[in-house]
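**Student:** Sharing a structure below in structure tokens format, with a few things to ask.
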Amino acid sequence: MSARPSRRTTAAAPRSATPAKAVAVAVASAAAPAQAMALYEQVKDHIARKIQEGIWRAGDRLPSESELVTQFGISRMTVNRALRELVEQGRIVRVAGVGSFVAEDKPQSTLLQIANLASEIRQRGHDYRCDVLTVERTSATLEVAAALDLRTGESVFHSLCIHREDGLPVQLEDRHVNPRQVPQFAAQDFTQLQPSEYLVRNVPFDQIEHVVDAVMPTAEQAALLEMSPQEPCLLLTRRTWSRGVPITVVRCLHPATRYRLGSRFRADGNPVAG
């Protein structure tokens, strides 16, 4: 008796749990917010790339909002957001009723060392000038006394200077000096050697403290810096010591649109040259 051939059954392939149409809808839904965000980013990248490539240089006027709206086919609100963020990043400046312009590069000063501002400015090929407004002996306020480890009302030296780059104020230097450490401070001719450079050259120090704050200038400070009191500033407060005794405390106020502070250093804390 011949054996019957066995029947093989093939299991049907399982159907996908999610229909292809549903997947396409889900992908499209997820992509929609990213595409909407990319609209203003597209304008930002377009402008930033032309600045980076040198097609648009510092001071060049950018296309108007209306021109960008037409070029990219997007709303004025979206273009406005792109321009606003470029302003916040310091890439462009906007002048009401005039237009948008490529911003000037802001000089950068170090945070790890005591910068020689005069040398930094001259190395950029610009003219440096220091206007010494005040050199006096005065009574220490509570804040100054605490910074210099003195008693409130104790006598201290005070100097006030404006540092200029190509005639434009870039720093207001408000300094107090411990007379016990620098008794001849007020007798110096600071028209020849500005206070910071005099102290670095003549008074040894072994510790430096730097604290940076974002602040709004007072009306008097804004007038001295020839800026609007509605514009923010960077405030660098520096203290130096010699063998644990404070030498000086100085408040260096910089218009944020004209200056920036930063450093590059190795993992061991030493600055990188160049």
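The values are calculated or read from the model by the stated rules, or taken from the named source; none is laboratory data. All values reported here derive from a predicted model rather than from experimental measurement. Don't worry about glycine lacking a Cβ; one is built from the backbone with ideal geometry, like all the others, and counts go over all protein chains shown. Surface areas here come from the heavy atoms of the whole protein model, side chains and all, with no ligands, DNA or RNA. Shrake-Rupley method; radii C 1.70, N 1.55, O 1.52, S 1.80 Å.
**Student:** Restricting the search to segment 113-138, which residues are surrounded by fewer than 16 Cβ atoms within 10 Å (Cβ to Cβ) and under 15 Å from VAL249 (Cβ atoms)?
**Tutor:** Correct list: THR138 only.
**Student:** Could you list, in sequence order, the residues of segment 213-228 that are open to solvent by 60 Å² or more (accessible area, probe 1.4 Å) and either outside any helix (DSSP H, G or I) or among the hydroxyl-bearing types (Ser, Thr, Tyr) (or both)?
**Tutor:** ASP213, ALA214, MET216, THR218, GLU226
**Student:** Tell me the strands (runs of 3 or more DSSP E) entirely within segment 116-192 that contain at least 2 residues that are touching a Ser or Thr at 6+ places or on another chain (Cβ under 9 Å) and acidic (Asp, Glu).
**Tutor:** Here the list reads 168-177.
**Student:** Give segment 59-107 a look and list any residue that's closer than 16 Å to ALA48 by Cβ, β-branched (Val, Ile, Thr) and open to solvent by 60 Å² or more (accessible area, probe 1.4 Å), or say none.
**Tutor:** Result: VAL93, single match.
**Student:** Looking at ARG260, ARG251, which is the one that is at pLDDT 95 or above and either open to solvent by 60 Å² or more (accessible area, probe 1.4 Å) or assigned by the TED database to the domain that holds ASP131 (or both)?
**Tutor:** ARG251
**Student:** Which ones in segment 140-198 are more than 30 Å from THR257 (Cα to Cα), open to solvent by 60 Å² or more (accessible area, probe 1.4 Å) and among the aliphatic types (A, V, I, L, M)?
**Tutor:** LEU142, ALA146, ALA187
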